[in-house]
Amino acid sequence: MRLKICAWIAAAMVMLPFVAVHAQQFPVKPVRFIIPFPPGGPTDILGRLTAERLTRAWNVQVVADNRPGGGGNIGAELCAKSPADGYTICMISIAQSISPSIYTKLGFDPVRDFSHVTLLATLPSLLVVHPSLPVKSVKELIAYARTRTGVLNYASGGSGTSSHLLMEMFNLQGGISMVHVAYKGTGPALIDQVSGLIEVAFSTAIAALPYVQSGRLRALAVSTKERLPTLPDVPAIDESGLAGFDGGSWQGVVMPAGAPRDIVNAVNGDLVKMLNSPDMKERILAMGGIALPNTPDEFLAFMKAESEKWAKVAKAANVKME
(Lines give C-alpha, C1' and ligand atoms only; values in the text may rest on other atoms or scores of the structure.)
Protein backbone atom coordinates (compact mmCIF):
# COMPACT_ATOMS: atom_id res chain seq x y z
CA MET A 1 0.00 0.00 0.00
CA ARG A 2 2.82 2.37 0.91
CA LEU A 3 4.51 1.64 -2.42
CA LYS A 4 1.29 2.50 -4.29
CA ILE A 5 0.96 5.82 -2.45
CA CYS A 6 4.58 6.67 -3.12
CA ALA A 7 4.14 5.80 -6.78
CA TRP A 8 1.04 8.03 -7.01
CA ILE A 9 2.86 10.94 -5.37
CA ALA A 10 5.84 10.46 -7.64
CA ALA A 11 3.60 10.46 -10.73
CA ALA A 12 1.85 13.62 -9.54
CA MET A 13 5.19 15.33 -8.94
CA VAL A 14 6.32 14.39 -12.43
CA MET A 15 3.15 15.90 -13.96
CA LEU A 16 3.40 19.23 -12.15
CA PRO A 17 6.25 20.60 -14.27
CA PHE A 18 4.34 19.71 -17.45
CA VAL A 19 1.26 21.63 -16.23
CA ALA A 20 3.42 24.63 -15.34
CA VAL A 21 5.26 24.50 -18.66
CA HIS A 22 1.94 24.24 -20.52
CA ALA A 23 0.77 27.54 -19.08
CA GLN A 24 4.17 29.22 -19.27
CA GLN A 25 4.58 28.40 -22.97
CA PHE A 26 1.12 29.65 -23.95
CA PRO A 27 0.76 31.07 -26.51
CA VAL A 28 3.37 29.96 -29.01
CA LYS A 29 1.36 30.82 -32.14
CA PRO A 30 -1.34 33.33 -33.21
CA VAL A 31 -4.59 33.25 -31.24
CA ARG A 32 -8.00 33.60 -32.87
CA PHE A 33 -10.29 36.04 -31.07
CA ILE A 34 -13.90 35.65 -32.21
CA ILE A 35 -16.04 38.79 -31.93
CA PRO A 36 -19.68 37.81 -32.62
CA PHE A 37 -20.84 41.27 -33.73
CA PRO A 38 -19.93 43.57 -36.63
CA PRO A 39 -17.39 46.41 -36.44
CA GLY A 40 -18.43 49.60 -34.67
CA GLY A 41 -20.52 48.18 -31.84
CA PRO A 42 -19.56 47.81 -28.16
CA THR A 43 -18.45 44.18 -28.41
CA ASP A 44 -16.20 45.02 -31.33
CA ILE A 45 -14.77 48.17 -29.71
CA LEU A 46 -13.87 46.47 -26.44
CA GLY A 47 -12.89 43.24 -28.20
CA ARG A 48 -10.37 44.92 -30.47
CA LEU A 49 -8.92 46.88 -27.57
CA THR A 50 -8.52 43.63 -25.63
CA ALA A 51 -6.96 41.86 -28.63
CA GLU A 52 -4.50 44.73 -29.06
CA ARG A 53 -3.43 44.59 -25.40
CA LEU A 54 -3.09 40.78 -25.43
CA THR A 55 -0.97 40.98 -28.58
CA ARG A 56 1.42 43.28 -26.74
CA ALA A 57 1.47 41.14 -23.58
CA TRP A 58 1.98 37.81 -25.37
CA ASN A 59 4.17 38.99 -28.24
CA VAL A 60 2.06 36.93 -30.65
CA GLN A 61 -0.74 38.14 -32.89
CA VAL A 62 -4.24 37.96 -31.40
CA VAL A 63 -6.41 38.11 -34.52
CA ALA A 64 -9.81 39.80 -34.17
CA ASP A 65 -12.33 37.77 -36.19
CA ASN A 66 -15.77 39.39 -36.56
CA ARG A 67 -18.52 36.78 -37.01
CA PRO A 68 -21.79 38.74 -36.78
CA GLY A 69 -25.39 37.58 -37.09
CA GLY A 70 -28.22 36.14 -35.07
CA GLY A 71 -27.82 38.62 -32.23
CA GLY A 72 -24.32 37.31 -31.59
CA ASN A 73 -25.38 33.67 -31.64
CA ILE A 74 -23.61 32.72 -34.89
CA GLY A 75 -20.22 33.74 -33.53
CA ALA A 76 -20.96 32.23 -30.12
CA GLU A 77 -21.89 28.88 -31.67
CA LEU A 78 -18.74 28.97 -33.78
CA CYS A 79 -16.75 29.55 -30.61
CA ALA A 80 -18.46 26.71 -28.75
CA LYS A 81 -17.64 24.30 -31.59
CA SER A 82 -14.00 25.38 -32.02
CA PRO A 83 -11.05 23.31 -30.76
CA ALA A 84 -10.67 23.61 -27.00
CA ASP A 85 -6.91 24.07 -27.12
CA GLY A 86 -6.72 27.63 -25.83
CA TYR A 87 -6.02 29.12 -29.25
CA THR A 88 -9.61 30.23 -29.78
CA ILE A 89 -10.87 32.83 -27.36
CA CYS A 90 -14.11 34.72 -27.75
CA MET A 91 -15.99 37.80 -26.69
CA ILE A 92 -19.34 37.04 -25.11
CA SER A 93 -22.03 39.48 -24.10
CA ILE A 94 -25.30 39.84 -22.27
CA ALA A 95 -27.01 38.78 -25.52
CA GLN A 96 -25.80 35.22 -25.04
CA SER A 97 -27.29 35.08 -21.53
CA ILE A 98 -30.63 36.15 -23.04
CA SER A 99 -30.66 33.75 -26.00
CA PRO A 100 -31.65 30.50 -24.18
CA SER A 101 -34.91 32.07 -23.01
CA ILE A 102 -36.03 33.37 -26.41
CA TYR A 103 -34.70 30.93 -29.02
CA THR A 104 -36.36 27.54 -29.39
CA LYS A 105 -33.34 26.23 -31.27
CA LEU A 106 -29.91 27.37 -30.13
CA GLY A 107 -26.60 25.82 -31.09
CA PHE A 108 -24.93 26.41 -27.74
CA ASP A 109 -25.58 26.72 -24.00
CA PRO A 110 -23.91 29.82 -22.47
CA VAL A 111 -23.25 28.01 -19.20
CA ARG A 112 -22.36 24.48 -20.31
CA ASP A 113 -20.55 25.02 -23.62
CA PHE A 114 -17.87 27.52 -22.59
CA SER A 115 -14.89 27.77 -20.29
CA HIS A 116 -15.56 31.13 -18.64
CA VAL A 117 -12.42 33.25 -18.35
CA THR A 118 -13.47 36.64 -16.95
CA LEU A 119 -15.96 39.45 -17.08
CA LEU A 120 -14.34 42.42 -18.81
CA ALA A 121 -16.67 45.34 -18.19
CA THR A 122 -20.21 46.37 -17.43
CA LEU A 123 -21.72 48.70 -20.00
CA PRO A 124 -24.59 50.97 -18.96
CA SER A 125 -26.90 51.78 -21.85
CA LEU A 126 -28.15 55.20 -22.87
CA LEU A 127 -31.69 55.89 -24.00
CA VAL A 128 -30.92 58.04 -27.03
CA VAL A 129 -33.10 59.85 -29.54
CA HIS A 130 -32.39 61.73 -32.75
CA PRO A 131 -32.17 65.49 -32.07
CA SER A 132 -35.10 66.11 -34.40
CA LEU A 133 -37.44 64.30 -32.00
CA PRO A 134 -39.19 66.93 -29.82
CA VAL A 135 -38.52 65.23 -26.48
CA LYS A 136 -35.92 65.95 -23.82
CA SER A 137 -36.85 63.55 -21.01
CA VAL A 138 -38.20 60.07 -20.35
CA LYS A 139 -41.63 61.47 -19.43
CA GLU A 140 -41.77 63.49 -22.65
CA LEU A 141 -40.79 60.47 -24.74
CA ILE A 142 -43.49 58.31 -23.14
CA ALA A 143 -46.12 61.02 -23.69
CA TYR A 144 -44.98 61.48 -27.30
CA ALA A 145 -45.03 57.71 -27.97
CA ARG A 146 -48.54 57.30 -26.57
CA THR A 147 -49.88 59.53 -29.33
CA ARG A 148 -47.97 57.57 -31.99
CA THR A 149 -48.68 53.92 -31.20
CA GLY A 150 -47.26 51.66 -33.90
CA VAL A 151 -45.58 54.59 -35.66
CA LEU A 152 -42.53 55.50 -33.59
CA ASN A 153 -39.57 53.20 -34.32
CA TYR A 154 -36.77 51.99 -32.10
CA ALA A 155 -33.56 50.26 -33.15
CA SER A 156 -31.76 47.34 -31.55
CA GLY A 157 -28.46 45.60 -32.21
CA GLY A 158 -30.42 42.46 -33.09
CA SER A 159 -33.49 40.54 -32.02
CA GLY A 160 -32.95 39.14 -28.55
CA THR A 161 -30.06 41.45 -27.69
CA SER A 162 -29.99 43.59 -24.56
CA SER A 163 -31.01 46.70 -26.53
CA HIS A 164 -34.11 44.81 -27.69
CA LEU A 165 -35.14 43.52 -24.26
CA LEU A 166 -34.33 46.81 -22.54
CA MET A 167 -36.71 48.62 -24.88
CA GLU A 168 -39.40 45.97 -24.50
CA MET A 169 -39.10 46.41 -20.74
CA PHE A 170 -39.36 50.19 -21.31
CA ASN A 171 -42.48 49.66 -23.48
CA LEU A 172 -44.09 47.51 -20.79
CA GLN A 173 -43.35 49.82 -17.89
CA GLY A 174 -44.22 52.94 -19.88
CA GLY A 175 -47.45 51.53 -21.29
CA ILE A 176 -46.37 52.33 -24.86
CA SER A 177 -45.75 50.40 -28.08
CA MET A 178 -42.81 51.51 -30.20
CA VAL A 179 -41.98 49.42 -33.28
CA HIS A 180 -38.87 47.24 -33.17
CA VAL A 181 -36.35 47.49 -36.04
CA ALA A 182 -33.57 44.91 -35.63
CA TYR A 183 -30.07 45.43 -37.01
CA LYS A 184 -27.02 43.18 -37.19
CA GLY A 185 -25.22 44.95 -34.39
CA THR A 186 -25.21 48.28 -32.57
CA GLY A 187 -22.87 49.89 -35.11
CA PRO A 188 -25.28 49.67 -38.09
CA ALA A 189 -28.19 50.69 -35.83
CA LEU A 190 -26.36 53.81 -34.71
CA ILE A 191 -25.57 54.78 -38.31
CA ASP A 192 -29.27 54.79 -39.21
CA GLN A 193 -30.25 56.56 -36.01
CA VAL A 194 -27.68 59.33 -36.49
CA SER A 195 -28.98 59.79 -40.06
CA GLY A 196 -32.54 60.19 -38.71
CA LEU A 197 -34.03 56.98 -40.13
CA ILE A 198 -34.67 55.64 -36.61
CA GLU A 199 -35.95 57.81 -33.79
CA VAL A 200 -35.17 55.94 -30.56
CA ALA A 201 -32.79 53.30 -29.20
CA PHE A 202 -31.08 51.88 -26.18
CA SER A 203 -27.40 51.79 -27.03
CA THR A 204 -24.49 50.94 -24.79
CA ALA A 205 -22.73 54.11 -23.67
CA ILE A 206 -19.44 52.75 -25.01
CA ALA A 207 -20.91 52.94 -28.54
CA ALA A 208 -23.24 55.95 -28.27
CA LEU A 209 -21.10 58.31 -26.19
CA PRO A 210 -19.19 59.88 -29.13
CA TYR A 211 -22.46 60.71 -30.89
CA VAL A 212 -23.96 62.17 -27.71
CA GLN A 213 -20.88 64.27 -27.03
CA SER A 214 -20.90 65.60 -30.61
CA GLY A 215 -24.62 66.46 -30.42
CA ARG A 216 -25.64 64.03 -33.15
CA LEU A 217 -27.79 62.10 -30.65
CA ARG A 218 -29.56 63.24 -27.49
CA ALA A 219 -29.24 61.12 -24.32
CA LEU A 220 -32.42 61.12 -22.23
CA ALA A 221 -31.42 58.69 -19.50
CA VAL A 222 -29.11 55.90 -18.31
CA SER A 223 -30.47 52.35 -18.09
CA THR A 224 -28.80 51.46 -14.78
CA LYS A 225 -29.80 52.84 -11.39
CA GLU A 226 -26.50 54.68 -11.11
CA ARG A 227 -25.65 57.64 -13.30
CA LEU A 228 -22.71 57.36 -15.65
CA PRO A 229 -19.59 59.18 -14.36
CA THR A 230 -18.82 60.52 -17.84
CA LEU A 231 -22.38 61.95 -18.18
CA PRO A 232 -23.24 63.08 -14.65
CA ASP A 233 -26.10 65.33 -15.80
CA VAL A 234 -27.97 62.50 -17.56
CA PRO A 235 -30.41 60.94 -15.06
CA ALA A 236 -31.18 57.27 -14.56
CA ILE A 237 -34.50 55.98 -15.92
CA ASP A 238 -35.27 54.88 -12.37
CA GLU A 239 -35.31 58.53 -11.27
CA SER A 240 -37.08 59.77 -14.41
CA GLY A 241 -40.53 58.31 -13.99
CA LEU A 242 -40.08 54.53 -14.27
CA ALA A 243 -39.11 53.53 -10.74
CA GLY A 244 -37.28 50.22 -10.48
CA PHE A 245 -36.01 50.20 -14.06
CA ASP A 246 -32.50 48.71 -14.07
CA GLY A 247 -30.60 46.98 -16.83
CA GLY A 248 -27.14 47.15 -18.27
CA SER A 249 -25.04 45.29 -20.77
CA TRP A 250 -21.71 43.60 -20.16
CA GLN A 251 -18.88 41.92 -22.03
CA GLY A 252 -16.67 38.99 -21.10
CA VAL A 253 -14.19 36.48 -22.47
CA VAL A 254 -14.72 32.73 -22.85
CA MET A 255 -13.09 29.73 -24.52
CA PRO A 256 -14.71 26.55 -25.82
CA ALA A 257 -15.68 24.16 -23.02
CA GLY A 258 -12.85 21.84 -22.08
CA ALA A 259 -10.05 24.34 -22.62
CA PRO A 260 -7.09 23.44 -20.36
CA ARG A 261 -7.72 24.96 -16.94
CA ASP A 262 -4.12 26.12 -16.61
CA ILE A 263 -4.48 28.12 -19.83
CA VAL A 264 -7.86 29.52 -18.70
CA ASN A 265 -6.26 30.63 -15.43
CA ALA A 266 -3.24 32.09 -17.22
CA VAL A 267 -5.39 34.11 -19.63
CA ASN A 268 -7.57 35.22 -16.72
CA GLY A 269 -4.47 36.47 -14.90
CA ASP A 270 -3.28 38.44 -17.91
CA LEU A 271 -6.71 39.98 -18.51
CA VAL A 272 -7.22 40.89 -14.84
CA LYS A 273 -3.81 42.56 -14.78
CA MET A 274 -4.67 44.44 -17.98
CA LEU A 275 -8.10 45.57 -16.73
CA ASN A 276 -6.77 46.70 -13.36
CA SER A 277 -4.17 48.97 -14.94
CA PRO A 278 -5.10 52.65 -14.45
CA ASP A 279 -4.83 53.50 -18.15
CA MET A 280 -7.14 50.66 -19.19
CA LYS A 281 -9.69 51.56 -16.50
CA GLU A 282 -9.65 55.18 -17.63
CA ARG A 283 -9.92 54.25 -21.29
CA ILE A 284 -12.93 51.98 -20.72
CA LEU A 285 -14.57 54.62 -18.50
CA ALA A 286 -14.00 57.28 -21.15
CA MET A 287 -15.81 55.03 -23.63
CA GLY A 288 -18.76 54.59 -21.27
CA GLY A 289 -17.92 51.29 -19.57
CA ILE A 290 -16.69 50.17 -16.15
CA ALA A 291 -13.84 47.64 -16.00
CA LEU A 292 -14.91 44.79 -13.71
CA PRO A 293 -12.73 41.64 -14.00
CA ASN A 294 -13.39 38.54 -11.89
CA THR A 295 -12.33 34.89 -11.56
CA PRO A 296 -13.44 32.08 -13.90
CA ASP A 297 -15.73 30.67 -11.19
CA GLU A 298 -17.20 34.09 -10.45
CA PHE A 299 -17.84 34.71 -14.14
CA LEU A 300 -19.60 31.34 -14.46
CA ALA A 301 -21.85 32.18 -11.49
CA PHE A 302 -22.53 35.61 -13.01
CA MET A 303 -23.55 34.01 -16.32
CA LYS A 304 -26.00 31.71 -14.53
CA ALA A 305 -27.57 34.64 -12.65
CA GLU A 306 -27.89 36.76 -15.81
CA SER A 307 -29.54 33.91 -17.70
CA GLU A 308 -32.16 33.56 -14.96
CA LYS A 309 -32.78 37.32 -14.78
CA TRP A 310 -33.38 37.82 -18.50
CA ALA A 311 -35.53 34.70 -18.76
CA LYS A 312 -38.03 36.45 -16.48
CA VAL A 313 -37.97 39.63 -18.60
CA ALA A 314 -38.40 37.69 -21.87
CA LYS A 315 -41.38 35.82 -20.45
CA ALA A 316 -43.05 39.01 -19.23
CA ALA A 317 -42.53 40.73 -22.60
CA ASN A 318 -43.43 37.55 -24.54
CA VAL A 319 -40.25 37.76 -26.60
CA LYS A 320 -39.63 34.63 -28.67
CA MET A 321 -37.42 33.93 -31.65
CA GLU A 322 -37.36 31.08 -34.15
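Residue-wise test of (1) without any contact (Cβ under 8 Å) to a residue 24 or more places away in the chain; (2) touching a Ser or Thr at 6+ places or on another chain (Cβ under 7 Å); (3) surrounded by 21 or more Cβ atoms within 10 Å (Cβ to Cβ); (4) closer than 30 Å to Pro134 by Cβ.
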position	(1), (2), (3), (4)
Pro210	yes, no, no, yes
Leu217	no, no, yes, yes
Arg227	yes, no, no, yes
Leu275	no, no, no, no
Review point. Which condition breaks for Gly71 when tested against (1) open to solvent by 30 Å² or more (accessible area, probe 1.4 Å); (2) in a helix (DSSP H, G or I); (3) touching a residue at least 40 places away in the same chain (Cβ under 8 Å)?
Key: (1)
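Please list, ordered by residue number, the strands (runs of 3 or more DSSP E) wholly in the range 137-227 having 1 or more residues that are of a type in the set (Val, Ile, Thr). Don't jump to the end; show me each part of the working.
Details: elements: 153-156, 179-182, 200-204, 218-222.
Hits in the range 137-227: 179-182, 200-204, 218-222.
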Review point. Just one of the numbered conditions (1) modelled with pLDDT under 95; (2) over 25 Å from Gly185 (Cα atoms) is not true of Ile263; which one?
Key: (1)
Practice item. Out of Thr50, Thr55, report the one residue that is crowded, with 17+ Cβ neighbours inside 10 Å, under 16 Å from the mean Cα position of the chain (by Cα) and not small (Gly, Ala, Ser). Key: Thr50
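For the range 116-136, what are the residues that are open to solvent by 20 Å² or more (accessible area, probe 1.4 Å) and either in a strand (DSSP E or B) or free of Cβ contacts under 8 Å to residues at least 24 places away in the same chain (or both)? Walk me through how you get there before you give the answer.
Kept after step one, since they are open to solvent by 20 Å² or more (accessible area, probe 1.4 Å), are these residues of the range 116-136: 122, 130-132, 134, 136.
Thr122, Pro134, listed by residue number.
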**Study point:** Qualifying position, being crowded, with 17+ Cβ neighbours inside 10 Å and either at pLDDT 90 or above or out of contact with any Ser or Thr (no Cβ under 8 Å at 6 or more places or on another chain) (or both), among Pro83, Pro36
**Key:** Pro36
Practice item. Could you tell me whether the range 47-60 includes any residue that is touching a residue at least 40 places away in the same chain (Cβ under 8 Å), among the charged types (D, E, K, R) and touching a strand residue (DSSP E or B) at 6+ places or on another chain (Cβ under 6 Å)? Key: no
Check your understanding: Exactly one of (1) at pLDDT below 95; (2) assigned to a helix (DSSP H, G or I); (3) touching a strand residue (DSSP E or B) at 6+ places or on another chain (Cβ under 9 Å); (4) open to solvent by 60 Å² or more (accessible area, probe 1.4 Å) is unmet by Glu298. Its number?
Key -> (1)
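Condition test on Ile92, is it open to solvent by less than 10 Å² (accessible area, probe 1.4 Å), under 22 Å from the mean Cα position of the chain (by Cα) and modelled with pLDDT of 95 or more?
Details: open to solvent by less than 10 Å² (accessible area, probe 1.4 Å): yes; under 22 Å from the mean Cα position of the chain (by Cα): yes; modelled with pLDDT of 95 or more: yes.
Taking the combined requirement at face value, the residue satisfies it.
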Check your understanding: Looking at Phe202, Phe170, which is the one that is of a type in the set (Phe, Trp, Tyr), crowded, with 18+ Cβ neighbours inside 10 Å and closer than 13 Å to Pro42 by Cβ?
Key -> Phe202
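The values are calculated or read from the model by the stated rules, or taken from the named source; none is laboratory data. Source: prediction; values computed, not measured. Positions of Cβ are backbone-derived with ideal geometry, glycine not excepted, and every protein chain shown enters the neighbour counts. Ligands, DNA and RNA are excluded from the accessible area calculation, which covers all protein heavy atoms including side chains. Shrake-Rupley method; radii C 1.70, N 1.55, O 1.52, S 1.80 Å.
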